[in-house]
1. Given the conditions (1) under 21 Å from residue 182 (Cα atoms); (2) out of contact with any strand residue (DSSP E or B) (no Cβ under 9 Å at 6 or more places or on another chain), and given that residue 204 satisfies all but one, which numbered condition is not satisfied?
2. Could you give every pair whose Cβ atoms fall below 8 Å, whose first residue belongs to the range 216-233 and is at negative phi and modelled with pLDDT under 95, and whose second residue is surrounded by fewer than 17 Cβ atoms within 10 Å (Cβ to Cβ) and in a helix (DSSP H, G or I), counting only separations of at least 6 or pairs across chains?
3. I'd like the residue in the range 247-258 that is in contact with a strand residue (DSSP E or B) (Cβ under 9 Å, 6 or more places away or on another chain) and not in a strand (DSSP E or B) and, out of all such residues, is farthest from residue 184 (Cα to Cα).
4. Quick check: anything in the range 266-275 free of Cβ contacts under 8 Å to residues at least 12 places away in the same chain and assigned to a loop (DSSP other than H, G, I, E, B)?
5. Does the range 39-78 hold any residues that are closer than 16 Å to residue 298 by Cβ and surrounded by 15 or more Cβ atoms within 10 Å (Cβ to Cβ), and which are they?
6. Test residue 135 against the stated conditions and say whether it is in contact with a strand residue (DSSP E or B) (Cβ under 8 Å, 6 or more places away or on another chain), crowded, with 16+ Cβ neighbours inside 10 Å and in contact (Cβ under 8 Å) with a residue 60 or more places away in the chain.
7. Out of the residues in the range 226-246 meeting the condition of being assigned to a helix (DSSP H, G or I) and touching a strand residue (DSSP E or B) at 6+ places or on another chain (Cβ under 6 Å), tell me which one is surrounded by the fewest Cβ atoms within 10 Å (Cβ to Cβ).
């Protein structure tokens with residue numbers, strides 16, 4: 001509806017420019033509609049009605065597009081590639097019985113989420129993609145040197161190299177879960193037997209590589225923040241060459257983990273950027289207001305000035321509303 005309104009306003013401007021005769025209101029403004037009884041209303045009347053409601057969202061997106069494309073020029077090629085891949089994927093997903101792109105089907109799906117067309121969706125997705133950079137940078141700027149030093153002292157470790165065997169429950173019932181746990185314990189018992197008989201731990205695990213009843217994976221090197229927390233904690237606790245003597249439960253199922261190797265802890269200087277990224281991610285997951293503050297701050301840094309007091313007031317009220325909603329979400333998350 002917002003885009004249609006803008007198109008109507010543009011169309012009126014084009015008609016005026018082409019010399020078409022546009023009816024006038026008594027105050028001299030161009031009429032956008034005229035009724036049979038002679039009543040008229042203008043583009044300005046429509047604008048005054050919608051500018052602090054429907055138009056505000058459009059204005060904010062245009063505002064952010066401008067400041068983000070200026071602040072993240074070095075990321076534009078990456079963003080464009082991401083959007084191109086998204087468009088290709090969407091067109092492959094929405095096809096008719098003959099396998100050809102079904103534009104009507106895609107348009108129907110997009111309209112359910114408030115997008116006027118594919119171009120509208122892709123443009124907003126590009127803005128969202130660039131917003132992620134701004135939000136992450138802002139979150140990093142909130143990380144203190146003390147936080148970095150504390151994290152380095154207490155949590156920084158060298159990269160770990162692990163393999164694991166995953167037993168997934170067949171379904172979502174308690175019985176399915178119990179059966180998966182039993183199977184995982186049986187595998188651990190069998191691995192212990194193999195090792196006692198002289199097989200290396202790595203080879204004992206590798207026996208399950210082609211077992212269709214489980215998932216065997218060589219994970220390669222990883223560090224904190226790259227795995228589910230339960231898996232990560234268990235891997236950190238293991239010594240090189242040892243394996244979990246009890247199944248490690250995550251949302252995927254039950255894991256048996258073998259730590260193959262671990263690199264030396266990096267220097268604080270070398271680890272700082274990764275620590276900042278990790279702490280920024282933690283901040284974003286704990287405090288929903290950071291995302292909103294990030295964009296408010298970026299807009300201010302770009303010297304945006306409002307020349308319509310009603311719009312400025314509506315914008316400020318909307319930002320306050322979003323922040324209050326985020327604070328409520330924080331409280332709910334903490335209480336749970």
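The values are calculated or read from the model by the stated rules, or taken from the named source; none is laboratory data. Bear in mind that the values here come from a model prediction, so they are computed numbers and not experimental data. Using ideal geometry, Cβ is built from the backbone for each residue, glycine included, and neighbour counts are taken over all protein chains shown.
1. The one condition residue 204 does not meet is (2).
2. Filtered contacts from the range 216-233: 223/274; 224/236.
3. Selected residue: 252.
4. Yes, the conditions are met somewhere in the range 266-275.
5. 59, 60, 61, 63, 64, 65, 67, 68, 69, 71, 72, 75
6. no
7. 230
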